[in-house]
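Take this structure first; my questions come after.
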2 protein chains.
Amino acid sequence: MADRTRRAPTGAAVLQPQVTTAIADAVLTELADAGYGRLSMEAVAKRAGVGKSALYRRWPSKREMVVSVVSELSVPMARVPDTGSLRGDLRAVLAGVHEWITHPLLSRILPDLTAEATRTPALAGVIADMIGEPRRARGAEVLTRAVARGELPADVDVELAMDLVAAPLYWRVRVRQAELEDDYLDKLVDLLVRALTR
Amino acid sequence: MADRTRRAPTGAAVLQPQVTTAIADAVLTELADAGYGRLSMEAVAKRAGVGKSALYRRWPSKREMVVSVVSELSVPMARVPDTGSLRGDLRAVLAGVHEWITHPLLSRILPDLTAEATRTPALAGVIADMIGEPRRARGAEVLTRAVARGELPADVDVELAMDLVAAPLYWRVRVRQAELEDDYLDKLVDLLVRALTR
């Protein structure tokens with residue numbers, strides 16, 4: 001019997017959060033193991049212990065399912081620190097980027113999605129809309145506050161600055177797959193502050 | 001009959017350059033179309049109009065064949081300019097990186113190889129040895145000359161500097177697949193010179 005003090009489920013139209021979570025976990029694991037190209041709705045449903053209809057009630061297609069699930073995990077990982085200084089904020093943003101690209105599943109998912117998006121422009125657009133832009137909007141708050149404090153000139157090129165924040169880490173860790181020295185983030189933040197301030 | 005004024009072919013041990021070129025072209029086209037995972041020696045041989053033995057006479061395996069062919073194309077594209085100034089040299093290096101990552105075939109091949117290397121650490125090692133490190137060695141000459149001219153401090157972090165040169169372009173163009181403004185390279189070189197010089 002439903003507890004009358006809580007909202008009672010109203011049947012199939014209600015999306016149970018714990019099912020959504022189980023599906024999201026299954027999507028991430030399948031993506032990391034099989035890659036986007038070989039990921040099937042059947043395999044996700046089976047891994048999550050649900051029917052395929054549970055997937056299609058939530059997302060119209062594999063593309064929306066995948067990008068939505070990766071977005072739900074990725075966007076909150078873009079930190080919006082407020083340490084009071086550009087240096088402190090950028091250092092925290094860099095730590096967040098590092099955490100994102102070294103996440104046990106995302107570390108395999110992100111390069112695969114990038115390659116797939118190269119082959120499928122429509123996928124690239126959805127990824128930019130649902131992952132790239134929301135993450136950049138969060139990161140840009142740090143630059144906006146630095147402008148307000150007078151630490152950055154008002155005409156700072158936010159797009160270029162955002163590229164410089166995420167790119168070196170992605171290049172070093174994910175593309176080159178090279179070691180990251182213990183002081184890499186500190187040295188990178190030194191260079192970034194020097195490059196952006198005048 | 002062989003022309004006695006030229007060195008006569010000595011049979012199967014001679015690797016004919018025009019055959020090697022035909023195979024390399026076939027490898028690049030197959031890589032761009034099918035990706036590393038689906039690329040087969042059969043398809044490469046068929047496209048090049050040779051037997052599979054012609055491939056195995058040149059490379060011990062698909063891995064060595066692919067990385068060797070991509071290396072032969074990629075390493076010479078890493079420019080070693082000598083314009084007389086750090087700014088001029090970096091600007092030319094950036095133009096070379098842009099040419100590399102927007103090459104009609106490499107633009108599709110590089111993200112695919114990155115994703116594949118994430119799944120296969122041994123492939124990542126061969127890519128670093130045959131493509132990444134030789135390209136970086138060429139780029140580092142620019143920094144070494146800037147140190148000799150007194151434009152850069154002797155203790156400049158060459159590894160970090162090299163990351164900053166290639167990373168923003170790869171991130172913007174290949175990962176984000178975003179537009180590159182006409183003045184992007186100029187603005188980027190301004191930031192790099194400011195970041196690296198003291």
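Relative to the compact globular guide of 2.2 N^0.38 Å, what is the alpha carbon radius of gyration of the protein assembly as shown, as a ratio?
Values: Rg = 24.5 Å, N = 396, 2.2 N^0.38 = 21.4 Å.
This ratio for the protein assembly as shown stands at 1.15.
Grab the DSSP H runs of chain B that are 4 residues or longer, score each as -39,500 (n - 2.57), total them, divide by all residues and round the 222 nm result to the nearest 500 deg cm²/dmol. Before the final figure, lay out the partial values.
Details: 10 runs with 124 residues, N = 198.
Value at 222 nm, helices only: -19500 deg cm²/dmol.
What percentage of the solvent-accessible surface of region A:72-196, computed with a 1.4 Å probe over protein heavy atoms, is contributed by carbon and sulfur atoms?
On the way: 2640 of 4850 Å².
With neighbouring chains kept in place, the figure for region A:72-196 is 54 percent.
Further question on the same structure: Taking Cα atoms, how many degrees apart are the long axis of helix A:158-169 and the longest axis of chain A, rounded to 10 and kept between 0 and 90?
80
Give the average, rounded to an integer, of partner chain Cβ atoms located within 10 angstrom of each Cβ in A:114-125. Could the numbers behind the result be given before it?
Working: counts 9, 14, 4, 5, 12, 6, 0, 1, 0, 1, 4, 1.
Whole-number average of other-chain Cβ neighbours for A:114-125 is 5.
Can you tell me the relative contact order of chain B? Whole percent, Cα pairs under 8 Å, sequence separation 6 or more. Mind dumping the intermediate values first?
Numbers: 164 pairs, mean separation 42.0, N = 198.
Relative contact order for chain B comes out at 21 percent.
Filter the trypsin sites (Lys or Arg not before Pro) in region B:97-179 down to the DSSP loop ones having no more than 15 other Cβ atoms within 10 Å, then list what survives. Present the calculation step by step, with values, prior to reporting the outcome.
Numbers: sites: B:ARG108, B:ARG119, B:ARG135, B:ARG136, B:ARG138, B:ARG145, B:ARG149, B:ARG172, B:ARG174, B:ARG176; in loops: B:ARG149, B:ARG176.
Sparse-neighbourhood loop trypsin sites (Lys or Arg not before Pro): B:ARG149.
In degrees, nearest 10, range 0 to 90: what is the angle between the Cα axis of helix B:62-74 and the longest Cα principal axis of chain B?
The angle comes out at about 50 degrees.
Could you state how much accessible area is buried at the B-A interface, both sides summed, with a 1.4 Å probe, in Å² to the nearest 100? Each step should come with its number before you reach the end.
Numbers: alone 11100 and 11050 Å², together 18680 Å².
Interface area, both chains combined: 3500 Å², rounded to the nearest 100.
Could you check how much of the accessible area of region B:17-61 is carbon and sulfur, as a whole percent, using a 1.4 Å probe? Please report the intermediate quantities before stating the final value.
On the way: 1190 of 2220 Å².
Ligands and nucleic acids excluded, carbon and sulfur reach 54 percent.
With axes computed from alpha carbons, what is the tilt in degrees of helix A:133-148 against the longest principal axis of chain A, rounded to the nearest 10 within 0 to 90?
Taking the Cα atoms of chain A, the angle to A:133-148 is about 30 degrees.
What number comes out for the charge environment of B:ALA122, summing +1 per Lys or Arg and -1 per Asp or Glu over other residues with Cβ under 15 Å away?
Numbers: positive: B:LYS62, B:ARG63, B:ARG119; negative: B:GLU64, B:GLU116, B:ASP129.
So the environment of B:ALA122 carries a net charge of 0.
Below 17 Å, Cα to Cα, which lysines can B:LYS46 reach? Residues fewer than 8 away in the same chain don't count.
Of all the lysines, those that pass the test against B:LYS46 - Cα under 17 Å, at least 8 places apart if same chain - are B:LYS62.
Place a point 7 Å from Cα of B:ALA137 in the direction of its Cβ. Which residues in region B:107-127 have their backbone N less than 17 Å from it?
B:125-127
Okay, next question. So with the 1.4 Å probe, I'd like the accessible area per residue for region B:39-164, rounded to whole Å². Let's see the in-between values first.
Details: 5210 Å² over 126 residues.
Per-residue accessible area for region B:39-164 comes out at 41 Å².
Which FRET efficiency value, to the nearest 0.05, is calculated for A:VAL14 and A:ALA43 with the Förster distance at 30 angstrom and r the Cβ-Cβ distance?
E(calc), rounded to 0.05, equals 0.75.
Would you mind calculating the gained length between B:THR21 and B:VAL158 on full extension (0.36 nm times residue separation, minus the Cα-Cα distance), in nm to one decimal? Don't jump to the answer; show the numbers that get you there.
Details: separation 137, 0.36 × 137 = 49.32 nm, distance 3.47 nm.
The span from B:THR21 to B:VAL158 would gain 45.9 nm if fully extended.
If you take every residue apart from B:GLU141 with its C-beta less than 13 Å away from the C-beta of B:GLU141, what net charge results, scoring Lys and Arg +1 and Asp and Glu -1? Don't jump to the answer; show the numbers that get you there.
Numbers: positive: B:ARG79, B:ARG135, B:ARG136, B:ARG138, B:ARG145, B:ARG149; negative: B:ASP82, B:ASP89.
With Lys, Arg at +1 and Asp, Glu at -1, the neighbours total +4.
What do you get for Rg/Rh over chain B if you use C-alpha atoms and the Kirkwood form of Rh?
Details: Rg = 20.0 Å, Rh = 18.8 Å.
Radius of gyration over Kirkwood radius for chain B works out to 1.06.
The values are calculated or read from the model by the stated rules, or taken from the named source; none is laboratory data. In this text the structure is predicted, and so the values were computed from the model without any measurement. Positions of Cβ are generated from backbone atoms using ideal geometry, with glycine treated the same way; all protein chains shown enter the neighbour counts. With ligands, DNA and RNA removed, areas are computed over all heavy atoms of the protein, side chains included. Shrake-Rupley method; radii C 1.70, N 1.55, O 1.52, S 1.80 Å.
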